[in-house]
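Here's the structure, in structure tokens; my notes come after.
The values are calculated or read from the model by the stated rules, or taken from the named source; none is laboratory data. As the structure is a computational prediction, the values presented were derived from the model and not from experiment. When we count neighbours, we look across all protein chains shown, and the Cβ atoms used for this are built from the backbone with ideal geometry, even at glycine.
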Amino acid sequence: IKKIALLTSGGDAPGMNAAVRSVVRACTYYRIECVGVYRGYEGLIEGDFEALSGRHVSNIINKGGTILKSARSMEFKTVEGRAKAHKNLVDAGVNALVVVGGDGTFTGGLKFIQEFNFPVVGIPGTIDNDIYGTDYTIGYDTALNTVVEVIDKIRDTAGSHNRLFFIEVMGRDAGFIALNAGIGSGAEEVLIPEKDIGLDKLEESLKNGRDKGKTSSIVVVTEGKKIGKSVFELGDYIKEKYPAYDIRVSVLGHMQRGGTPSCFDRVLASRLGVAAVECLLDRVSGVMVGVINNEIVLTGLNKAIKLNNEIDKELLRVAEITSV
Ligand code: F6P
């Protein structure tokens with residue numbers, strides 16, 4: 001391996017820059033050339049490359065977003081798009097590719113390996129934490145802390161006005177953000193895709209709270225329909241049945257993806273960046289580098305995308321017990 005290309009793809013996540021820095025610096029350390037690809041697979045197809053030296057990545061470890069920019073490429077889903085991308089890499093003398101992103105990113109990487117036998121290693125970067133083969137994805141810790149900080153603020157208003165708040169958080173099809181932020185912010189109820197508690201249970205838990213003297217409540221809801229309803233429909237439904245509730249709905253949105261990465265995400269990204277380059281040097285391809293029980297673990301990209309990280313049952317119990 002003499003030249004590695006690096007891209008960030010899919011939804012950006014805080015700590016992606018720390019991963020970029022780590023890959024570039026590891027390349028410098030091992031005397032390999034590193035080429036940055038802009039806008040994920042889009043830039044791979046268009047040949048939007050730039051040689052990166054150790055100095056290009058100075059002072060980015062503390063920055064949110066990704067200096068390489070990101071995109072969700074439709075063209076890379078086509079054989080023609082991938083063929084163009086492959087040609088660009090070969091023309092640029094690149095021997096291997098490191099991709100930072102989530103399941104869409106790894107699916108693209110896997111196709112690329114299958115079609116061209118081109119070495120690819122993945123680094124998990126997404127706020128959703130929905131990747132198998134790592135305890136944490138880059139960006140998840142920062143997003144969690146952002147969400148908890150905001151819910152704390154909303155709780156001030158909820159308390160002052162005796163309100164019931166439904167707060168929608170990101171997570172796509174995974175409830176990691178909602179469950180952990182729910183516990184961390186002391187939410188009364190958490191609605192996640194992994195467990196449909198049903199409307200009766202929601203109503204019962206809100207009623208119990210009132211009976212026990214709670215004057216305000218927070219319900220954290222993963223985006224998408226939960227118990228068959230969007231967060232706004234849930235608000236309307238409860239309002240109609242219980243007119244006494246003063247209800248507000250807050251959708252946190254993309255603010256969850258931005259901001260300064262936490263130290264945890266920076267260290268995780270730094271470890272995974274070095275591990276990815278070392279994998280390629282060892283001629284290992286088709287894997288994602290992750291951390292399990294604080295050790296670097298390699299998982300086949302096919303497994304990383306297919307087997308979803310299971311939600312922790314103990315956390316579900318803790319959420320239930322601590323919200324009585
Ligand atoms: O995968 C990260 C994520 O933020 C999800 O939580 C969310 O569903 C999605 O990306 C939003 O994507 P976009 O920024 O393209 O709207």
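Worth pointing out:
- Once the range 42-69 is narrowed to residues that are farther than 19 Å from G104 by Cβ and among the basic types (K, R), the residue that is surrounded by the fewest Cβ atoms within 10 Å (Cβ to Cβ) is R55.
- Among the residues making up the range 241-280, a single one is part of a loop (DSSP other than H, G, I, E, B), closer than 27 Å to G109 by Cβ and in contact with a Lys or Arg (Cβ under 9 Å, 6 or more places away or on another chain): P261.
- Single residue of A18, A26, A85 found to be in contact (Cβ under 8 Å) with a residue 12 or more places away in the chain, more than 16 Å from the ligand (Cβ to nearest atom), within 19 Å of L110 (Cβ to Cβ) and among the small types (G, A, S): A85
- Meets criteria (within 16 Å of the ligand (Cβ to nearest atom), part of a helix (DSSP H, G or I) and touching a strand residue (DSSP E or B) at 6+ places or on another chain (Cβ under 9 Å)) for A174: no
- Just one of the listed residues (I238, I218) is among the β-branched types (V, I, T) and part of a helix (DSSP H, G or I), namely I238.
- Remark: G290 matches the filter, which requires a residue to be modelled with pLDDT of 95 or more, more than 16 Å from the ligand (Cβ to nearest atom), assigned to a strand (DSSP E or B) and not aliphatic (A, V, I, L, M).
- Some residue of the range 80-96 being assigned to a loop (DSSP other than H, G, I, E, B) and crowded, with 18+ Cβ neighbours inside 10 Å: yes
- Only one entry of G64, G36 meets the criterion of being part of a loop (DSSP other than H, G, I, E, B), of a type outside the set (S, T, Y) and modelled with pLDDT of 95 or more, and that entry is G64.
- Residues satisfying the stated conditions in the range 211-264, i.e. closer than 17 Å to G182 by Cα, within 16 Å of the ligand (Cβ to nearest atom), of a type in the set (S, T, N, Q) and without any contact (Cβ under 8 Å) to a residue 60 or more places away in the chain: T222
- When each of E80, E33, E42, E46 is tested for being more than 16 Å from the ligand (Cβ to nearest atom) and under 30 Å from L307 (Cα atoms), the lone residue that passes is E80.
- When residues of the range 177-210 are limited to those that are farther than 23 Å from D152 by Cβ and within 24 Å of the chain's Cα centre (by Cα), the one nearest to the ligand (Cβ to nearest atom): P193
- All positions within the range 109-137 that are within 13 Å of G286 (Cβ to Cβ) and of a type outside the set (A, V, I, L, M, F, W, C): G109, K111, Q114, E115, N117, P119, G122, G133
- Taking the criterion of being surrounded by 19 or more Cβ atoms within 10 Å (Cβ to Cβ) and among the small types (G, A, S), the residues of the range 289-304 that qualify are G290, A304.
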